[in-house]
Amino acid sequence: MFEIRDLDVATPADPATPLIRKLSLTVKAGEIVLLHGPSGCGKTTLLRILAGLIDPMDGQVRLDGEDGDSIGWPRFRRQVVLVQQRPVLLEGTVERNLAAPFAYKSADRPYSADAARSLLDRLGLPGGCHAQPARTLSEGEQQRVCLIRAILLQPRILLLDEPTSALDERIAGELDNLLSEWVATHPSAVLMVRHDVALARAVCTRAIDLTPHHVARQTVEAQR
Amino acid sequence: MMPALAAATDAAVPTILPLGAFELVLAAGLVLLAGLVSVLLRLGLERRLTIAALRTVLQLLLIGYILRYVFELDSIWLLAIVVMVMLAVAAHAAARRTEAYFDGMMTASLIALVASSLLTTWMVTRLIIGVEPWYQPQYMVPLLGMILGNSLTGISLCLDQLLTTLKDRRHEIEMELALGATRWEAARRPLREAVRRGMIPTINAMSVVGIVSLPGMMTGQILAGADPLLAVKYQIVVMFMIAAATALGCIFIGLLVYARLFNARHQLRAERIQTRQF
């Protein structure tokens, strides 16, 4: 269970101005939660805080009652993986990128080339792609490699920032199917920020409006 | 105790040709030649050249008198002041030239310079040359000067490269952290590249020394009448000493930047890096 308690969100550049106040949210395995709201309302910053890349002004983020301070931040982030909107890949082949996180000390399982190829295949990056230099791929292809890299880690919580921004509708639909199947067969959940709210609602089990005055009200409703 | 390197070549009797004020005035004629070129080609460098020449004379004469005074007086306190001034100026120079900076960078570069240069100077004076005590001014001051002159360039390049990488490739580093990398796992590649960058001038200098360039120290010794082979031996020690000091300095500054810009929660504090407005 992933718990967000009384979270105050602000950017490191402007820590005095909270963008989101007192956000509380509990996400259970099997859920796909959509986070939406006007641009600049703090969605991306919220995801970065949930992944522990920056600190919140106030509040807690816990996975099964533990936070990064208690289990160690690398281990926490191995369980709560963030895929940022802009695809970021290392120098080297697609396969090298997919395998890289399995070399970290926090890795708890070996890299599976078979699992990687089947995911690449499924998201329209067919055979031979794994040997290509990752940075020569198109932006949409790079975005899919980043998504696959995160899914391969089998995190408990997958945080996705605009995962479909560079994907066409067909691939975006395939990603949605994949995510639905994934949360149904793994003890995992997805929290995602999407601009195509209408499409995203079809796959999400819940939607959270982050428009400033909405947050407090939804929190109250959730606590009833 | 007699310095071991010097003792090895007692046979070579140095013949030092004295340089007086008249000879120095003649040397100034060389600067006039450079000024003439500037006038003929309308380079407009006369004023700057004059100031630079005057500064050379004043600064070197001043340090000459200070060194003579320090050597004669043989006071540890005076030596300490000279060493501290040298270290502070070097730290300032190392930290001043980078494009990006962070609060406390001057202190970090001072720590890196103090640790690397004093350690290397001690190793050379005490263990290799065998001076007793190891901080004898006549050996310590010139050696430290040569070490600082070189390692500050290394530290400066290393700092510049590291800060630029951490700023420009911030997303790459945060991506690795987001996938479960420790701060060390995420930082080691930029650190390695920065230390390598800082070491390159020293390694280049080591590879061409004696072929393309005759180092100033060695040339000076030979001109002052020393046996070339003795001068070469000293130069080898100096080159190795510079290499060690630069490598240590780059590693120290890299680790200090790492400690300052990555926190215990394995976050990159990229907002601490600021860009200088030139």
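Please treat every number below as a calculation from the coordinates, not as lab data. As the structure is a prediction and not an experimental result, all values here were calculated from the model. All Cβ positions, glycine included, derive from the backbone under ideal geometry; neighbour counts span all protein chains shown.
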(request) Under 12 Å Cα to Cα from B:LYS167, which aspartates and glutamates show up? Leave out anything in the same chain fewer than 8 places away. (result) B:GLU99, B:GLU271
(request) Provide the per-residue ³J(HN,Hα) series for the range B:212-228, in order, calculated from phi with Karplus coefficients 6.51, -1.76, 1.60 and θ = phi - 60°, each as a whole number of Hz, with x at glycine and proline positions. (result) 8, 10, 9, x, x, 4, 5, 4, x, 4, 5, 4, 7, x, 6, 5, x
(request) Could I have the simple spin-label model distance between B:ARG48 and B:LEU223, label points 7 Å from Cα toward Cβ, reported in nm to one decimal? (result) 2.4
(request) Give the order of B:CYS158, B:CYS250 when sorted by the count of other beta carbons within 10 angstrom, beginning with the fewest. (result) B:CYS250, B:CYS158
(message) For chain A, what does the relative contact order come out to in percent, with C-alpha contacts under 8 Å and a separation of six or more?
(response) 31
(message) Give me the net charge for the shell around A:ALA166: Cβ to Cβ below 10 angstrom, other residues only, Lys and Arg +1, Asp and Glu -1.
(response) -2
(request) Using a 10 Å cut-off on Cβ to Cβ distances, tally the other chain neighbours for every residue of A:73-82 and report the average as a whole number. (result) 5
(request) Would you give the gap between the C-alpha center of the range A:109-148 and the C-alpha center of the range A:166-188, rounded to a whole Å? (result) 15
(message) Please rank B:ILE155, A:ILE208, B:ILE51, fewest neighbouring Cβ atoms within 10 Å first, as an exposure proxy.
(response) B:ILE51, A:ILE208, B:ILE155
(message) Given points 7 Å out from each Cα along the Cα-Cβ axis, report the B:ILE200 to B:ILE236 separation in nanometres with one decimal.
(response) 2.9
(request) Quick one: dipole size for the range B:76-275, taken about the Cα centre, charges +1 on Lys/Arg Cβ and -1 on Asp/Glu Cβ, in debye to the nearest 20. (result) 300
(request) List the residues whose amide H sits under 5 Å from the amide H of B:PHE262, counting only those 5 or more places along or on another chain, with H placed 1.01 Å from N in the peptide plane. (result) B:ARG269
(message) From the phi angles alone, apply the Karplus equation (6.51, -1.76, 1.60; θ = phi - 60°) to the range A:144-150 and give each ³J(HN,Hα) in whole Hz, x where the residue is Gly or Pro.
(response) 5, 4, 5, 5, 5, 4, 6
(request) Pull up the cross-link candidates among the lysines for A:LYS43, meaning alpha carbon to alpha carbon under 16 Å and not fewer than 8 places away within one chain. (result) A:LYS22
(request) Please compute the net charge surrounding A:ARG156, taking Lys and Arg as +1 and Asp and Glu as -1 over other residues with Cβ under 15 Å from its Cβ. (result) 0
(request) Could you check which residue among A:ARG75, A:ARG109, A:ARG156 shows the biggest mean-square fluctuation in a GNM of chain A with a 10 Å Cα cutoff? (result) A:ARG109
(request) Distance between Cα centroids, the range B:71-130 to the range B:210-239: provide it in whole Å. (result) 24
(request) Give the angle, between 0 and 90 degrees and rounded to the nearest 10, that separates the Cα long axis of helix B:137-168 from the longest principal axis of the Cα atoms of chain B. (result) 30
(message) Can you compute the charge dipole magnitude of the range B:17-73 about its Cα centre, using +1 on each Lys and Arg Cβ and -1 on each Asp and Glu Cβ, nothing else charged? Give it in debye, rounded to the nearest 20.
(response) 260
(message) With θ taken as phi - 60° and the coefficients 6.51, -1.76 and 1.60, list the Karplus ³J(HN,Hα) couplings across the range A:3-13 in order, rounded to whole Hz; mark glycine and proline as x.
(response) 10, 10, 10, 6, 7, 9, 10, 9, 7, x, 5
(request) Report the relative contact order of chain B, percent, no decimals, based on alpha-carbon pairs under 8 angstrom and at least 6 residues apart. (result) 28
(message) Quick check: net charge around B:ARG189, other residues with Cβ under 12 Å of its Cβ, Lys/Arg +1 and Asp/Glu -1?
(response) -1
(request) Of the options B:PHE252, B:THR121, B:ILE51, report the single residue whose Cα projects farthest towards the positive end of the charge dipole of chain B (beta-carbon charges: Lys, Arg +1; Asp, Glu -1). (result) B:PHE252
(request) Using a 10 Å cut-off on Cβ to Cβ distances, tally the other chain neighbours for every residue of B:179-189 and report the average as a whole number. (result) 6
(request) Per residue of B:165-174, count partner chain C-beta atoms within 10 Å of its C-beta, then hand back the mean as an integer. (result) 2
(request) Mind jotting down a quarter of the surface of the convex hull over the alpha carbons of the range A:132-176, in square nanometres, one decimal? (result) 3.5
(request) Just subtract the alpha-carbon distance of B:TYR65 and B:ARG192 from 0.36 nm times their residue separation and send over the number in nm, one decimal. (result) 41.5 nm
